[in-house]
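Below you'll find the structure, written out as structure tokens, and then a few comments.
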Amino acid sequence: MPVAKKKNTVKKNNTLKLKFDTSWSYDPAPESKSAATINKQYDLFINGEWQKPVSKKYFNTINPATEEKLSEVADANAADVDKAVKAAKNAYEKVWKKMPAKERAKYVFRIARIIQERARELAIIETLDGGKPIKESRDFDIPTAANHFFYYAGWADKLEYAFPNRKTEPLGVAGQIIPWNFPLLMAAWKIAPAIATGNTVVLKSAETTPLTSLKLAEIIQEADLPPGVVNIITGAGSTGAAIVNHPDVNKIAFTGSTDVGKIIQRAIAGTDKKATLELGGKAANIIFEDAPIDQAVEGVINGIFFNQGHVCCAGSRLYVQESVAKEVIRKLKDRLESLIVGDPMDKNTDIGAINSKSQLDIIHKYIGIGKKEGAEMYESSCRLPGKGFFCRPTLFTNVAQSNRIAQEEIFGPVLAILTFRTEDEVIEKANNSPYGLSAGVWTDKGSKIFNMTKRMRAGVVWANTFNKFDPTSPFGGYKESGFGREGGLHGLLPYLNLQNI
Ligand code: NAI
Ligand code: MG
């Protein structure tokens, strides 16, 4: 409930003095930490059990909102990766590929159910470890992760209908490397289609957000999955590289930076490893003058400030038609002021903590670049907590197409606003990017939507909405945003060999 900051006072002569204070704030509504158990230390989940790392090394994971240590996790080296890959290969040959598909499906279904049962605990841990607002982990990340397992459980025994007149075969061992922005959801995107189609998995989580994938390992144990079908390990870039370079890994699935995507592509060139790479983005969100303006403004806010802008498909470039630019910018500034920035565990919070100090430094660097390039900066006047990594939601106007803040991925709550006059002009500008992951179009005209979706070089184009996800819908990029699709029927393909029958 909103409460007035100042109390009305009754004066001595009994006249009531009313203070009309317009600065309302919300009472804190913190989620409790007590529903989540975090161990002091985590080992590696290999062959269905917790194994001490051969490396004997551990590293800390902190809460980016408080800078407090949450736990320490094993730092897997090449020998640990080898153990995990051997376990996965053994499970593939001896158990998983031989199991009738409808039996495999039951395990995948069971994982989905346990994620739902433990949703509250998972949401709390996701927020503590990564800094995203609890309302987002609770309402988006965890339910969508469960939905991916449900969805792919359904496909497991129906592959002959997905690919009629083709024989399908799993590939073997999938090496999967995920980032820190949607830790459990990315694990679900990768593991669910892989095991539903009969592959086994070695998954490495990101170094700043390992905890929900370790919780997923507990869930996989609880679901009684045969040992070695899913192995979950922790470590940094060198652990990821050891997975990529292991000769018994048949497929690499990677989500992360374009730079690492290129390293992976070079590493697997000349091998018969298959790969899907989901890399960076610089999505154009386009508002035409005939759009429902308030709805579009809300969509732009959701598109870039959702999850602190730590989203590869974030709508970080706004193109607004000149005739409505003034109105849209004014409304965006007003809305920026009303966003609640702060404690991610508070159920009212819209923008939580930036995931790490190094990511906050990258964002500050780009804000500096934007100012130097001559764009005009506007940031919310909100107060930031004294501890932790926080950034005010920020927008830039007077941005030129060639500015670095309009070309490069910032991965933070920073919006670059550009204007346009005609449809052809905006299509050219929107496509003038090394990336092509997603885009948004706001207009009243269906014909305009079809024209735009046809001509925009982006894997996903949202119309009159933004950042909508569903397990049934494929997701992936063009150009430097990577290749391959995850989600939907298309998401089965990277895990299968198809043969004509
Ligand atoms: P990153 O690409 O370095 O990390 C992603 C994952 O790859 C992590 O699990 C990491 O341990 C692993 N990794 C790192 N080096 C590797 C290597 N040589 N071989 C195999 N695996 C390796 O991303 P980082 O440094 O965390 O973020 C840097 C920038 O990348 C961000 O500022 C953002 O622009 C972009 N990014 C994009 C993401 C997306 O969803 N497309 C997700 C995370 C970051
Ligand atoms: Mg952490």
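The values are calculated or read from the model by the stated rules, or taken from the named source; none is laboratory data. These figures come from a predicted structure and were not determined experimentally. Here the Cβ positions follow ideal geometry from the backbone for every residue, glycine too, while neighbour counts run over all protein chains shown. When the accessible area is computed, the model is the full protein with side chains, heavy atoms only, and any ligands, DNA or RNA have been set aside. Shrake-Rupley method; radii C 1.70, N 1.55, O 1.52, S 1.80 Å.
Inside the range 220-254, residues that are charged (D, E, K, R), on the phi < 0 side of the Ramachandran plot and open to solvent by 10 Å² or more (accessible area, probe 1.4 Å) make up a count of 2.
If you filter the range 141-150 down to residues that are touching a residue at least 60 places away in the same chain (Cβ under 8 Å) and open to solvent by 10 Å² or more (accessible area, probe 1.4 Å), you find that the one that is farthest from ligand 1 (Cβ to nearest atom) is PHE150. Criterion first (open to solvent by less than 50 Å² (accessible area, probe 1.4 Å), under 30 Å from PRO344 (Cβ atoms), away from ligand 2 (no atom under 16 Å from the Cβ) and among the charged types (D, E, K, R)) does GLU298 satisfy it? When the stated conditions are applied, GLU298 does not pass them. You will find that of ASP424, ASP470, the residue that is in a loop (DSSP other than H, G, I, E, B) and surrounded by fewer than 24 Cβ atoms within 10 Å (Cβ to Cβ) is ASP470 and no other. Within the range 473-501, the only residue that satisfies the criterion of being open to solvent by less than 20 Å² (accessible area, probe 1.4 Å) and free of Cβ contacts under 8 Å to residues at least 60 places away in the same chain is GLY488.
This table checks each residue for (1) in the same structural domain as GLN407 (by TED's automatic domain parsing); (2) away from ligand 1 (no atom under 13 Å from the Cβ); (3) in contact (Cβ under 8 Å) with a residue 12 or more places away in the chain; (4) more than 18 Å from the chain's Cα centre (by Cα).
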site	(1), (2), (3), (4)
PHE288	yes, yes, yes, yes
ALA291	yes, yes, yes, yes
ALA296	yes, yes, yes, yes
GLY299	yes, yes, yes, no
ASN302	yes, yes, yes, no
GLN308	yes, no, yes, no
VAL311	yes, no, yes, no
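Comparison of SER205, SER213 shows that the only residue that is near ligand 1 (Cβ under 9 Å from one of its atoms), without any contact (Cβ under 8 Å) to a residue 40 or more places away in the chain and in contact with a strand residue (DSSP E or B) (Cβ under 9 Å, 6 or more places away or on another chain) is SER205.
Among the residues of the range 334-341, none qualifies, meaning not one is more than 24 Å from ASP294 (Cα to Cα) and surrounded by fewer than 21 Cβ atoms within 10 Å (Cβ to Cβ). For the range 167-211, filtered to residues that are assigned to a loop (DSSP other than H, G, I, E, B) and of a type in the set (Val, Ile, Thr), the residue that is nearest to ARG110 (Cα to Cα) is THR197.
Do the conditions hold for LYS357, that is, is it touching a strand residue (DSSP E or B) at 6+ places or on another chain (Cβ under 7 Å) and either open to solvent by 20 Å² or more (accessible area, probe 1.4 Å) or polar (S, T, N, Q) (or both)? No: the conditions fail for LYS357.
Of all residues in the range 113-135, which are small (Gly, Ala, Ser) and either within 16 Å of ligand 1 (Cβ to nearest atom) or surrounded by 24 or more Cβ atoms within 10 Å (Cβ to Cβ) (or both)? Listed by number, the residues that qualify are ALA123, GLY130, GLY131. All conditions but one from (1) within 16 Å of ligand 1 (Cβ to nearest atom); (2) of a type in the set (Gly, Ala, Ser); (3) part of a loop (DSSP other than H, G, I, E, B) apply to GLY368; the one that does not is (3).
TRP96 meets all of the listed conditions (1) away from ligand 2 (no atom under 16 Å from the Cβ); (2) touching a Ser or Thr at 6+ places or on another chain (Cβ under 6 Å); (3) farther than 19 Å from VAL230 by Cβ but one, namely (3).
Pairs are defined by a Cβ separation below 6 Å, a sequence spacing of at least 6 or placement on different chains, a first member in the range 236-248 that is touching a residue at least 24 places away in the same chain (Cβ under 8 Å) and among the aliphatic types (A, V, I, L, M), and a second member that is assigned to a loop (DSSP other than H, G, I, E, B) and open to solvent by 50 Å² or more (accessible area, probe 1.4 Å); the pairs so defined are ALA236/GLU207. On the stretch given as the range 209-219, residues that are surrounded by fewer than 24 Cβ atoms within 10 Å (Cβ to Cβ) and within 12 Å of ligand 2 (Cβ to nearest atom) total 0.
For beta carbons closer than 7 Å, sequence separation of 6+ or different chains, a first residue in the range 96-115 that is over 17 Å from GLU218 (Cα atoms) and a second that is at pLDDT below 95, there are no qualifying pairs.
Scanning the range 48-70 for residues being farther than 15 Å from GLY130 by Cβ, buried (at least 18 other Cβ atoms within 10 Å of the Cβ), in contact with a strand residue (DSSP E or B) (Cβ under 7 Å, 6 or more places away or on another chain) and touching a residue at least 60 places away in the same chain (Cβ under 8 Å) gives a total of 0.
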